[in-house]
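The values are calculated or read from the model by the stated rules, or taken from the named source; none is laboratory data. The structure displayed is predicted, hence computed values, not measured ones. Methodologically, a virtual Cβ is constructed for each residue, glycine included, from the backbone with ideal geometry; neighbour enumeration extends over all protein chains shown.
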Amino acid sequence: MTFRHAIPPLRVALCAAFLLLAPASAQVTTKLIASGLSRPLWAGAPAGDERVFVATKGGGIRIVQNGQLLVTPYLNLSGKISLGGEQGLLGVAFHPNYASNGFVFVNYTDLAGNTVISRFTVTTDPNLADLASELVVLTATQPFANHNGGDLHFGPLDGYLYIFLGDGGDANDPACRAQKLNSSLGKCLRIDVDSATPYAIPPSNPFVGQVGVREEVFHYGLRNPWRNGFDRLTGDLYIGDVGQDLREEIDVAPAGSAGLNFGWKVMEGTRCNSTVSCLAGTPPCNDPTLVLPITELLHSDGSFAITGGYVYRGCACPSEYGKYFYADFIDNKIRSLQYDVPSGTVSNLSDRTAELAPGGGLAIRNIASFGEDGFGELLIIDESSSAMGEVFKMVPVGAAPASAAVRNGAGGNRACLSSFSLPILGNVWEARVDAAGHPGAALTMLVGYAGPNSGVFLGANEILVDTSSARLFRVLASSTGGTDAFRFGVPCDVALAGLTTYVQAVITGGSLELCNALDVSTGYF
Ligand SMILES: [Ca+2]
Ligand SMILES: [Ca+2]
Ligand SMILES: [Ca+2]
């Protein structure tokens, strides 16, 4: 994966200029994308969707669109949930086929404090889900108010829904539930929500067919897995498991693994803890079947509540590609590391807090969660208190929109490609076209890249489009007759790094009219 570290010329220039202002290591920072939120706990988006959805503890899911936090919630579960210390709306997962089926899954504690996994469906308004569409998928009775886990994710390789539940609560897992396979508590569950309603057990689940087990169990021995993330490239699963008295831990379940026992409560991280109330046959401390964390944070160092994150696989920050980000809710530090699954080794463990400080009088504290936007860009959620919650996004330093130069505006074309900016969110680009006098006309956006094998270049006044090239695409629209904005996702393709992008709009309505073409430096790749 070293190709991701190829740095295009523009980035080199930007980084060189920045050396005057900051340490050479500072290649990324954060920017605020939403504020004024009441205790946000989760943020994310359907794949390829440029909106960011933010879930709050109180049951709301809000949408950030075009840089604005929309007032009307996408979904409001406030009448259904309990609001104790670790209760509320705790997790959200969009179905991999959300764009076609509109299914969104949530994990919340109901009015009785029990865990509910439900499916809701979007309405004809893409910014509004139907509260009445609730399909309860799975429930778990909670013996105590705390340790509800709450995350859920679709596996990037298998499409199954993974549900993360804590040990049920109190302290030191008094019934040793996390080690008992007949309990769904202290587990990572895996279900198939597509083959049956409400779900089927995937036949490859590790305990299928065994007597006295929950066949949903996929991994176990977890205390309170608070924020977990798949590496969307490899399928490796990273779990942030909150500790009891001394240690916080990050665990990894490599892609293809199943039935792993992460040790709780026999072990807290790498230390021996307790076997009280555990069944005979429960593995003892340091048994080789127990999977130890890849890294720990120590309470003696001021870390008290770990928040797991994601392996960065976005486009905007190539210096961070393949690094795993995580934090601690109490010490407010953001860390990153790289984990090599085959060798089981951690490298480049770094405190990134100062580098990722947003500046401008803002601070990232009380990090309740990380998120990925629709393009894999990293989000960081500051839960804060009252209505002070914020969502930040990791961005490259010096990430001003790349310059766009008019290439052939004097060649007889209309100067109708009025402005261009990139990226708006993730790798979504935007071009604005002045189509005055052409209401209802078809607009075609042509985008091409110059490259050694592209076979594409500008003619006198136009882009020559080679439709056989995967690097070319069009966006069609019907003009308003005013200024129309085109948005399009640019492939996260290292082959595009450093290439100039050519953009041109064509207005087709009775006659064909070419807009001036633009050259855009692809500084973001
Ligand atoms: Ca509980
Ligand atoms: Ca453990
Ligand atoms: Ca803050």
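So the check is Cβ under 8 Å with 6+ separation or different chains; which pairs have a first residue in the stretch 271-290 that's within 16 Å of ligand 3 (Cβ to nearest atom) and a second one that's at pLDDT 95 or above?
Listed pairs, sorted by first residue: none to list.
In the stretch 127-143, what residues are buried (at least 20 other Cβ atoms within 10 Å of the Cβ) and either away from ligand 1 (no atom under 16 Å from the Cβ) or assigned to a loop (DSSP other than H, G, I, E, B) (or both)?
Answer for the stretch 127-143, where residues must be buried (at least 20 other Cβ atoms within 10 Å of the Cβ) and either away from ligand 1 (no atom under 16 Å from the Cβ) or assigned to a loop (DSSP other than H, G, I, E, B) (or both): Ala129, Val137, Gln142.
Please state which one of Asp245, Asp236, Asp251 is among the acidic types (Asp, Glu), within 24 Å of Ala45 (Cα to Cα) and in contact (Cβ under 8 Å) with a residue 24 or more places away in the chain.
Exactly one of Asp245, Asp236, Asp251 is among the acidic types (Asp, Glu), within 24 Å of Ala45 (Cα to Cα) and in contact (Cβ under 8 Å) with a residue 24 or more places away in the chain, namely Asp236.
Please indicate, with yes or no, whether at least one residue in the stretch 462-484 is among the charged types (D, E, K, R), under 34 Å from the mean Cα position of the chain (by Cα), part of a strand (DSSP E or B) and modelled with pLDDT of 75 or more.
yes
Taking Glu383 as meeting all but one of (1) within 16 Å of ligand 3 (Cβ to nearest atom); (2) more than 23 Å from the chain's Cα centre (by Cα); (3) modelled with pLDDT of 95 or more, write down the number of the exception.
Checking Glu383 against (1) within 16 Å of ligand 3 (Cβ to nearest atom); (2) more than 23 Å from the chain's Cα centre (by Cα); (3) modelled with pLDDT of 95 or more, the one that fails is (2).
So, of the residues in the stretch 235-259 that are in contact with a Pro (Cβ under 7 Å, 6 or more places away or on another chain) and among the hydrophobic types (A, V, I, L, M, F, W, C), which turns out to be farthest from ligand 2 (Cβ to nearest atom)?
Only one residue tops the list, namely Ala258.
State all residues of the stretch 324-364 that are within 16 Å of ligand 2 (Cβ to nearest atom) and of a type in the set (Gly, Ala, Ser); if no residue qualifies, say none.
The answer is Gly344, and nothing else.
Looking at the structure I just gave you, is Gly91 closer than 21 Å to Gly168 by Cα and assigned to a loop (DSSP other than H, G, I, E, B)?
No.
Give me a count of the residues in the stretch 334-351 that are buried (at least 20 other Cβ atoms within 10 Å of the Cβ) and charged (D, E, K, R).
1
In the stretch 323-343, which residues are hydroxyl-bearing (Ser, Thr, Tyr) and in contact with a Leu (Cβ under 6 Å, 6 or more places away or on another chain)?
Within the stretch 323-343, Tyr324 is the sole residue that qualifies.
Pairs needed: first member in the stretch 116-143, within 20 Å of Arg190 (Cβ to Cβ) and in the same structural domain as Ala99 (by TED's automatic domain parsing); second member anywhere, of a type in the set (D, E, K, R) and surrounded by 20 or more Cβ atoms within 10 Å (Cβ to Cβ); C-beta distance under 6 Å; at least 6 residues apart or different chains.
Correct list of pairs: Leu135/Arg119; Val137/Arg119.
Where in the stretch 144-239 are there strands (runs of 3 or more DSSP E), lying fully within it, with 2 or more residues that are within 16 Å of ligand 1 (Cβ to nearest atom) and at pLDDT 95 or above?
Answer list for the stretch 144-239: 161-165, 187-191, 225-230.
For (1) in contact with a Leu (Cβ under 7 Å, 6 or more places away or on another chain); (2) among the acidic types (Asp, Glu), each residue gets a yes or a no:
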| residue | (1), (2) |
| --- | --- |
| Gly168 | yes, no |
| Ala178 | yes, no |
| Asn182 | no, no |
| Gly186 | yes, no |
| Pro198 | yes, no |
| Glu215 | no, yes |
| Asn228 | yes, no |
| Asp236 | no, yes |
